[in-house]
Every structure is written in C-alpha cells, then in structure tokens.
Amino acid sequence: MDMTESAPDTRQLDPHNWVKHYADYLYLYTITRIKDEEQARDLVQETFLSALEGMERFAGKSSERTWLTAILKNKIIDTYRKRSSGLKIVDVNEPESTAPDFFEADNGHWKKEYAPVSFSMGSEEGLYNKEFNQILQKCMQKLPALWMAVFTMKHLDDATTNNICDELKITASNFWVIIHRAKLNLRACLQKNWI
C-alpha cells in the first residue's frame with residue numbers, strides 16, 4: 001500500500017442518498033413528537049434543506065443520521081416554541097379551579113375515587129402494547145401544546161429540566177407544575193380509555 005494514500009474521509013456526506021437512507025427514520029422520529037403527519041413531513045424536508053445549506057459545518061464527529069437527527073430535534077423544538085408562544089404561562093400560585101382535588105387534605109394520600117389503578121398487561125402484553133401506545137398518543141394529543149411539548153421533551157427525548165426551560169422559555173416552577181398536570185391528565189385519560 002502506498003503510504004501517501006490517505007484514509008477515506010469519514011466526514012464525507014452523501015446528500016443524494018439521504019432520502020433513501022434516513023427519510024423513514026426521521027419521519028417516525030418526528031411523528032411520535034409532533035402528531036401531525038403533514039407537519040412531520042415538512043419538518044423532515046426542512047431538515048434535509050438545512051443540512052444541505054450547512055454541509056460545511058458537518059465536522060464528521062458523528063454519523064450522518066445522528067447529525068440529521070440533531071438538526072431535526074432543533075426544528076421540533078422550534079415547533080414546540082411556536083405552538084406554545086402566546087399561551088398563558090402557568091402561575092404556580094393560581095388555584096386549579098378546573099381540576100378536581102385528587103388528594104386528601106389531611107394526609108396527602110390519593111382520594112379513593114382518584115387512586116391509581118394497576119393496569120398490568122399480563123401474558124397478552126404483545127397484543128395490548130400497540131393498542132396501549134395508540135391510546136397514549138391520543139391522550140397526549142389532548143394535552144395543551146405547551147404541556148405536550150414539555151412532556152415529550154422530558155419523557156421521549158430525555159432532555160434535562162434546564163434545557164427544557166431554556167428552550168421553551170419557562171421557569172423551573174412552571175416546568176414542574178406543567179409536568180405534574182400533564183401526568184395527571186394522561187393518567188386520567190389512560191384510566192378512562194384503557195382500563
């Protein structure tokens with residue numbers, strides 16, 4: 001082997017094959033977070049366009065797929081921001097007039113009618129898993145846009161609390177109130193529609 005030959009450039013991008021290799025993956029990644037098929041397709045297309053425009057910034061420290069996914073994540077966060085902009089920020093001191101009181105005032109335990117109900121899936125887990133996920137997705141779609149963004153970033157994307165607060169321009173107190181209310185709403189929806 002000639003010593004003057006260099007190793008193949010690992011930073012080489014292949015935009016001609018992006019759609020063939022990554023479109024389905026990026027679409028599935030997006031649809032689980034956005035829940036709007038048309039917007040998911042648009043975000044994937046915007047990701048490819050942004051990647052083409054920013055090819056010179058690709059440092060080769062990750063795979064093409066990882067790089068494209070990072071671009072897409074930023075576009076999804078922008079979408080969350082747009083959806084939640086103009087929405088009322090949750091005031092921690094604001095009484096929850098529309099939500100029932102789930103807990104006993106004297107001891108903080110669940111009230112009997114609101115106590116969590118076990119919903120183990122047993123031996124038929126494979127059959128129920130797909131149905132459960134569909135119901136969970138429908139329940140998530142019922143959440144207000146900001147709540148869904150916070151819940152998705154925290155529990156699907158494993159983003160840190162500080163990152164979520166910075167990206168969505170909310171305080172830590174608002175974050176915890178939103179995540180608590182989102183979980184309560186999802187729990188109630190799942191209990192109503194799944195159990």
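The values are calculated or read from the model by the stated rules, or taken from the named source; none is laboratory data. What you see is a predicted model, and the numbers here were worked out from it, not measured in a lab. Note: ideal-geometry Cβ built from the backbone for every residue, glycine included; neighbour counts use all protein chains shown.
A few points about this structure:
- Total residues in region 50-79, condition more than 15 Å from the chain's Cα centre (by Cα) and either surrounded by 13 or more Cβ atoms within 10 Å (Cβ to Cβ) or not basic (Lys, Arg) (or both): 17
- Checking each residue of region 52-62 against the condition of being assigned to a helix (DSSP H, G or I) and hydroxyl-bearing (Ser, Thr, Tyr) gives no match.
- Pair list, Cβ under 8 Å, 6 or more apart: region 152-177 residue not assigned by TED's automatic domain parsing to the domain that holds Gln137, other residue of a type in the set (Gly, Ala, Ser): none
- Restricting attention to region 143-187 and to residues that are surrounded by 12 or more Cβ atoms within 10 Å (Cβ to Cβ) and of a type in the set (Lys, Arg), the residue that is farthest from Arg83 (Cα to Cα) turns out to be Arg187.
- Test: residue in region 94-107 that is within 22 Å of the chain's Cα centre (by Cα) and either outside any loop (DSSP other than H, G, I, E, B) or at pLDDT below 70 (or both): no
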